[in-house]
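The values are calculated or read from the model by the stated rules, or taken from the named source; none is laboratory data. Nothing here was measured: the structure is a model prediction, and the numbers come from that model. Virtual Cβ from ideal backbone geometry, glycine too; neighbours counted across all protein chains shown. Accessible surface areas use protein heavy atoms only, side chains included; no ligands, DNA or RNA. Shrake-Rupley method; radii C 1.70, N 1.55, O 1.52, S 1.80 Å.
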Amino acid sequence: MTELDRKQDRTPVPKEWTYAPAPESRDIVALDERYGHFVGGKWLEPSVTYTTISPATEEPLAEVGQATPEEVEAAVAAARDAFENGWSGISAAERAKYLFRIARILQERSREFAVLESLNGGKPIKESRDVDLPLAAAHFFYYAGWADKLEYAFPNRRPRPVGVAGQIIPWNFPLLMLSWKIAPALAAGNTVVLKPAETTPLSALLFADVLRQAELPPGVVNIVTGDGRTGAALVKSKGVDKIAFTGSTEVGKAIQRELAGTGKKLTLELGGKAANIIFDDAALDQAVEGIVNGIYFNQGHVCCAGSRLLVQESIYEPVVEKLKRRLTTLRVGDPLDKNTDVGAINSKQQLEKIRELVEAGEQEGAEIYQPPCRLPEKGYWFVPTVFTNVAQSYRIAQEEIFGPVLSVLTFRTPEEAVEKANNTPYGLSAGVWTEKGSRILWMAEHLRAGVVWANTFNRFDPSSPFGGYKESGFGREGGRHGLEPYLAFDKSALP
Ligand code: NDP
């Protein structure tokens, strides 16, 4: 008997083969009981507050401000003052220095931010740790690099900053959306008033401490918390030169109406109903992983989620069978557990919306599959769900569910796949799975989607522009394109 065999002989056989809990410690996050608004580099005492909770446990986490129009105006005035009396005048290389500092501090404090993001938003810690935080830091690094190269990015156009940017972000990727907004705005020389979503304000408030550490001049970034009324006040503010909004198509349309004729710049990143298209020559096991990542990543709270699966008819049965089998292995539960695949639904309101659409799917005649799954008693949860037998006209095939719910449809030819994929009011993203490069190129050319992934899904990179067609909005975030909405150009300059 070898030494190794002897050791194995002594190792006890586990009584159970289920995963032991592997929770990430919460101790790294020190929450205040109450937060104000971050205005002009100081904390402004809010006149009205509300409680922000953990959606996984419904436990109150902190009191935060519900900014009134006056408080929003104070933040806009601080941003204007910082823009005119300093920030727009400093050298571009100096601006880049602050962005590099912010990126480095985010990396250094990434565990703290990841835990807070999962606590306040309900997303699995492995996603906030491995996706949200690295990408947020990467955005600041990337735009830091552009800050002193704007003349090269837009040759002969004499770019200059727009002024004060009002930025409104959603609850699905709070810190990542903050970085998508703040990094290009500052790189281009603007100042900012940011409003995080009502249910997930805490990472933006902790980010204020990163700004303090980076010694960013006061007023360059201001953060006001609150619900849609705060967002509406920011949109209405006369002191704002540009609005950047990510969220629902409904609110996006209301903002567009409000800004029509004001001359303010606007970018909208709205909803989606992406098709994930699997051809019969695709590597099926990889495609199934891509389907799972496409719709169950972040509980399906993803604007570009692959919520409509289009499978070529000849492989429908093996794909659906593999998919159902894979679903039984997904672990739903505590977002802070490192083994969790699917965390909590972000809010009670969102859970009700998911339930309503799932009921509509059943009533309209689709067939539902949910793997056996024990959900925690407290908090907001939804079992990963697949609908088969779905007609294109069903609400679950047309409307954005924004939850872990997949609708499966079939097609026979590439032309039919394109027609079905494009048959929604949205046009944000799509996925194509096939081994033929020429088919990928043909599909990408014909799909009306801002992003088309090939043999992968939900991949992001700061250098790659992201944005939609049709009711998914306009304007691009990321890449060189992401700078343009934050710049004004001399009329006399080319082109
Ligand atoms: P909203 O569009 O309402 O929220 C996005 C942001 O806009 C939040 O900060 C929100 O504040 C703010 N807001 C709300 N009303 C106004 C207004 N009138 N003027 C200015 N800002 C406003 O999305 P919801 O959170 O209500 O989610 C509803 C649906 O939208 C989801 O079910 C999903 O389908 C879709 N959605 C899409 C997202 C995407 O990335 N494409 C992201 C989030 C949601 P507050 O949080 O306080 O409401």
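Contact order normalised by length for region 237-337, with contacts defined as Cα pairs under 8 Å and 6 or more residues apart; what percent is it?
Across region 237-337, relative contact order equals 25 percent.
Counting only DSSP beta bridges with both residues in the chain, what percent are antiparallel, rounded to the nearest 5?
Antiparallel: roughly 35 percent of the beta bridges in the chain.
Run through every distinct alpha carbon pair of region 333-377 and return the Kirkwood hydrodynamic radius in angstroms, one decimal place.
12.5 Å
Write down the Å³ per residue value for the convex hull defined by the alpha carbon atoms of region 299-409.
106 Å³
Give the long-range amide H neighbours of D227: residues separated by 5 or more places, or on another chain, with amide H under 5 Å away, using H modelled in the peptide plane at 1.01 Å from N.
Amide H to amide H, under 5 Å and 5 or more residues apart or across chains, D227 pairs with A67.
Express in nm, to one decimal, how much length is gained between N156 and E94 on full extension, taking 0.36 nm for each residue of separation and deducting their alpha carbon distance.
So the chain would gain 20.0 nm between N156 and E94.
Roughly how big is region 128-238's charge dipole about its Cα centre, with Cβ charges of +1 (Lys, Arg) and -1 (Asp, Glu), in debye to the nearest 20?
That gives a dipole near 500 debye.
Test of understanding: express the Cα radius of gyration of region 1-90 as a ratio to 2.2 N^0.38 Å, with N the residue count.
Normalised Rg, Cα atoms only: 2.16.
Could you give each residue of region 393-400 its phi-based ³J(HN,Hα) in whole Hz, using Karplus coefficients 6.51, -1.76, 1.60 with θ = phi - 60°, and x for Gly or Pro?
7, 4, 4, 5, 9, 10, 9, 6
Please give the per residue accessible area of the chain, computed with a probe of 1.4 Å over protein heavy atoms only, in Å².
So the chain comes to 43 Å² accessible per residue, rounded to a whole number.
Run the numbers on the chain and let me know its relative contact order in percent, using alpha-carbon pairs under 8 Å that are six or more apart.
18 percent
Excluding K149 itself, what net charge comes from residues whose Cβ is under 15 Å from its Cβ, given Lys and Arg +1 and Asp and Glu -1?
That sum, taken over residues with Cβ under 15 Å, equals +2.
Based on alpha-carbon positions alone, could you give the equivalent ellipsoid semi-axes of region 362-495 from the gyration tensor, as √(5λ), descending, whole Å?
33, 21, 15
Give me the Kirkwood hydrodynamic radius of the chain, using the inverse of the mean 1/r over all pairs of distinct Cα atoms, in Å to one decimal.
Hydrodynamic radius (Kirkwood, Cα pairs) of the chain is 23.6 Å.
Expressed in whole Å with the largest first, what are the equivalent ellipsoid semi-axes of region 87-129 derived from the C-alpha gyration tensor as the square root of 5 times each eigenvalue?
Each semi-axis is the square root of five times an eigenvalue, giving 30, 10, 7 Å.
Using the 2.2 N^0.38 Å rule of thumb for compact globular proteins, work out how region 158-273 stacks up: its C-alpha Rg over that value, please.
1.01
Using the Cα centre of the chain as the reference point, and only Cβ charges (+1 on K/R, -1 on D/E), how large is the resulting charge dipole? Debye, rounded to the nearest 20.
The dipole of the chain has a size of about 1100 debye.
Can you compute 3J(HN,Hα) from phi for each residue in region 218-232, using the Karplus curve 6.51 cos²θ - 1.76 cosθ + 1.60 with θ = phi - 60°, rounded to whole Hz and x for Gly and Pro?
x, x, 5, 10, 10, 10, 10, 9, x, 8, x, 5, 5, x, 5
Can you list the HN-Hα couplings for region 19-24, worked out from phi with the Karplus curve (6.51, -1.76, 1.60; θ = phi - 60°), rounded to whole Hz and with x for Gly and Pro?
Per residue, the Karplus-derived 3J(HN,Hα) values read 5, 7, x, 10, x, 6 Hz.
Between K436 and R412, 0.36 nm times their residue separation minus their Cα-Cα distance comes to what?
So the chain would gain 7.0 nm between K436 and R412.
How large a share of the accessible area of region 98-247, in percent, is made up of carbon and sulfur atoms when the probe is 1.4 Å and the other protein chains stay in place?
C and S fraction of accessible area: 52 percent.
List residues of region 344-359, by number, whose backbone nitrogen lies under 17 Å from a label position 7 Å along Cα→C-beta of F460.
Residues 346 fall inside that zone.
Over region 114-232, calculate the relative contact order: mean separation of alpha carbon pairs under 8 Å at least 6 apart, over the residue count, as a percent.
So the answer I get is 26 percent.
At R0 = 25 Å, how high is the FRET efficiency between E356 and Y469 if r is their beta carbon distance? Nearest 0.05 is fine.
Plugging the Cβ-Cβ distance into 1/(1 + (r/R0)^6) gives 0.40.
Quick one: dipole size for region 356-495, taken about the Cα centre, charges +1 on Lys/Arg Cβ and -1 on Asp/Glu Cβ, in debye to the nearest 20.
Charge dipole, region 356-495, about its Cα centre: 420 debye, nearest 20.
I'd like the carbon and sulfur percentage of the solvent accessible area for region 348-442, probe radius 1.4 Å, heavy atoms only, ligands and nucleic acids excluded.
Heavy-atom surface of region 348-442 belonging to carbon and sulfur, 1.4 Å probe: 45 percent.
Could you order peptides 465-476, 168-179 by the average number of other Cβ atoms within 10 Å of their residues, highest first?
Ranking, from highest mean packing down: 168-179, 465-476.
Compare the Cα positions of P384, T456, P371 along the charge dipole of region 360-458 (+1 at Cβ of Lys, Arg; -1 at Cβ of Asp, Glu; about the Cα centre) and return the one farthest towards the positive end.
Positive-most Cα among the choices belongs to T456.
As an exercise, take the mean of 1/r over every pair of distinct alpha carbons in region 89-157, invert it, and state the Kirkwood radius in angstroms.
13.3 Å
Let me see the P(r) profile for region 374-445: every Cα-Cα distance counted, bins of 10 Å, each bin given as a percent of all pairs.
Distribution as computed: 15, 42, 28, 11, 4 percent.
May I have the pair-distance distribution P(r) for region 248-336, computed from all Cα-Cα distances with 10 Å bins from 0 and rounded to whole percent?
All Cα pairs, binned at 10 Å, distribute as 14, 34, 23, 16, 10, 2 percent.
Kindly flag which residue pairs out of K97/K470; K265/K420; K264/K470; K264/K348 have an alpha-carbon separation exceeding 28 Å in this structure.
With Cα atoms farther than 28 Å apart: K97/K470; K265/K420; K264/K348.
Taking the mean number of other Cβ atoms within 10 Å as a proxy for protection, how do you rank 187-200, 20-33, 270-283, 370-383 from highest to lowest?
Averaged packing, sorted descending, gives the order 187-200, 270-283, 370-383, 20-33.
Give me the base-10 log of I(q)/I(0) for region 15-164 at each q in 0.09, 0.12 Å⁻¹, Debye formula, one uniform scatterer per Cα, rounded to two decimals.
-0.45, -0.75
Pairing the Cα long axis of helix 249-259 with the longest principal axis of the chain, what angle in degrees results, from 0 to 90 and rounded to the nearest 10?
20 degrees
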